[in-house]
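Beneath this line is the structure, given in structure tokens, with notes to follow.
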Amino acid sequence: MLPCRSYLLGFACLGLVQLAYAQPNPIPIPQPPTIPPGHASPAYIGAPATPNPVIGVAAIPQNPFLAANGRSNIHGDTYMSDLYFTGGPLGKSPAVLSTVLGGDAVGIGFDQKGRIITAALGQTVRLFLIHPVTLETLATRSLGSRSAEGGGYFYLDSNDHLVIGGPGGFSVLKVTDNPPAPPVFTLLKEYDLSTAIAAGDAVEALLPDFSGRIWFTTVGGTVGTVDPTARTIATLSLTGEQIRNSTATDETGGVFVASDHALYRFDADAQGKPTITWREVYDRGYRVKAGQYSRGSGTTPTLMGTQYVTITDNADPQTHVNVYRPAATVEGNRLLCSVPVFQPGQSATENSLIATEHSIIVENNAGWRADAVHGKILGTPFPGITRIDVDDSGCRTVWTNDSVRIPSAVSKLSVQNGLICTYTYEKGPNGGANGTDGYYFTAIDFHTGQTVFQRLIGQGTYFDNYYSAIHLGPDGRTAYVGVLAGLVAIRDTQ
């Protein structure tokens, strides 16, 4: 899902980056300098939602080595479910706040005090500790001019330690509080993987299993483990394959990885070395589609309880949602079903699926391209978001909403509210002239697929979210989303 952003923000925060680092008070992300009459996007569409919970959704097991579910990583938990069992904005007079961070806050975590921890990916990778209400910067630390791979797929562990990857290894940091002095990020450990991975390769994703072993993957197709106590490293190379998404882990010891060729389950042997338990090849198509960053699945594997695991393929003319049985051994076919989604020639997904035990939400990212150097949208995204339900007899499409365009957001589901929270794009008046394309926080009814409300976040490319995730805050009424220039909060005021 995450492209390399080493070039990013050559346009988006020019002149604002140093200001963002120099003072704690948030600098609002600017709108276009002038929006001509008739070019303003509507600020609010629809009506406030009435909570309609999704009944019967089982809680995600808590990985003992991760921060609490919903607070630990870009997909929220160890299953990569993209579920929140708390609430979020209902559209009741929602206010919008923003702060320039000099980069895209792709993923965020919440520490035990409710503060936001994020890595802003721009010309450098920079850590931020942010007040969840005011968006004030409480602490910041540069990780230097380095590849952004691994920067979005960090995680918070059960001690609120930040584990974040980069070229040749990964680091562990914590927030040190020492009042009345401001908090600081303190480096605890660095893990050098340069002898275990190829020169020039970079860590893509990190996640602990239920034994505390840290699993890592690299862009170049290496799958590895680190024993954090003994600091021993073991690896396995998927020759000729790339890995461009994150990893899921379950309570049985399974670790699930999608390369650009196949879906894998790995388990560790007695020495902690990764071993392939099973491998399922999928249709990877023949090209990198507009809206994707590799010729293969754009999705992190998502576990649906203990019964299923799901990804998308990259087939032409239509992407499919594939559902597999995750157990180490199964009777019969491991692939349960494969469902085509969206219109032929207009389907691609570069973001993880939302999944309960029996329902999948898949969004369409096809057609979208942004020129991050010159601040231009090069292709209008095709519309679509679909719900698919699953049981042992197979899969069926429940609904498709063809009225929303979701360029690149990692969408989330509030189980408590029954709302899918996403980030949509509307071409501005007069074809988006003068950089007036609008970006909206959008709530969709899980049960019916209908769009409930949309709140304008901003106009212009600064507000493009560029593969960042929606996150629902611990207060139950605020959502956060990273955008090219920083971080945005949407909060109900009634």
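The figures follow:
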read-out: Point-charge dipole on Cβ atoms (K/R +1, D/E -1) for the chain, about Cα centre, debye to 20; value: 860 debye
read-out: Shape call, the stretch 147-271: gyration tensor on alpha carbons, a/c limit 1.5; value: prolate
read-out: Amide H within-cut-off set for ALA248, under 5 Å, with H built and near neighbours excluded; value: PHE256
read-out: Exceeding the 28 Å Cα-Cα cut-off - candidates LYS289/LYS412; LYS92/LYS427; LYS289/LYS427; LYS113/LYS189; LYS113/LYS273; LYS189/LYS273; value: LYS113/LYS273
read-out: SER93, SER393, SER41 arranged by Cβ crowding within 10 Å, fewest neighbours leading; value: SER393, SER93, SER41
read-out: Helix-only CD estimate at 222 nm, as mean residue ellipticity for the chain, using -39500 (n - 2.57) per DSSP H run (n ≥ 4); value: -500 deg cm²/dmol
read-out: Residue-wise HN-Hα coupling along the stretch 399-404, computed from phi with Karplus coefficients 6.51, -1.76, 1.60 (Hz; x: Gly, Pro); value: 7, 9, 9, 9, 9, 10
read-out: Ranked THR306, THR349, THR229, criterion: other C-beta atoms within 10 Å, fewest first; value: THR229, THR306, THR349
read-out: Dipole magnitude of the stretch 63-134, debye to nearest 20 (Cβ charges: Lys/Arg +1, Asp/Glu -1, about Cα centre); value: 220 debye
read-out: Ascending count of other beta-carbon atoms within 10 Å, so fewest first, for PHE154, PHE170, PHE85; value: PHE85, PHE170, PHE154
read-out: Net charge dipole size for the stretch 26-171 [Lys, Arg +1 and Asp, Glu -1 on Cβ; Debye, nearest 20]; value: 240 debye
read-out: Contact order relative to length of the chain, as percent, for alpha carbon pairs under 8 angstrom and 6 or more apart; value: 19 percent
read-out: From the coordinates shown, volume of the Cα convex hull per residue in Å³ corresponds to which of (i) 139; (ii) 199; (iii) 131; value: (iii)
read-out: Of the trypsin sites (Lys or Arg not before Pro) in the stretch 240-328, those whose Cβ has at most 16 other Cβ within 10 Å and which sit in DSSP loop; value: ARG287, ARG295
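Every read-out reported here was derived from the displayed coordinates using simple, explicitly stated rules and does not represent laboratory data. The structure displayed is predicted, hence computed values, not measured ones. Neighbour counts run over all protein chains shown; Cβ positions are idealised from the backbone, glycine included.
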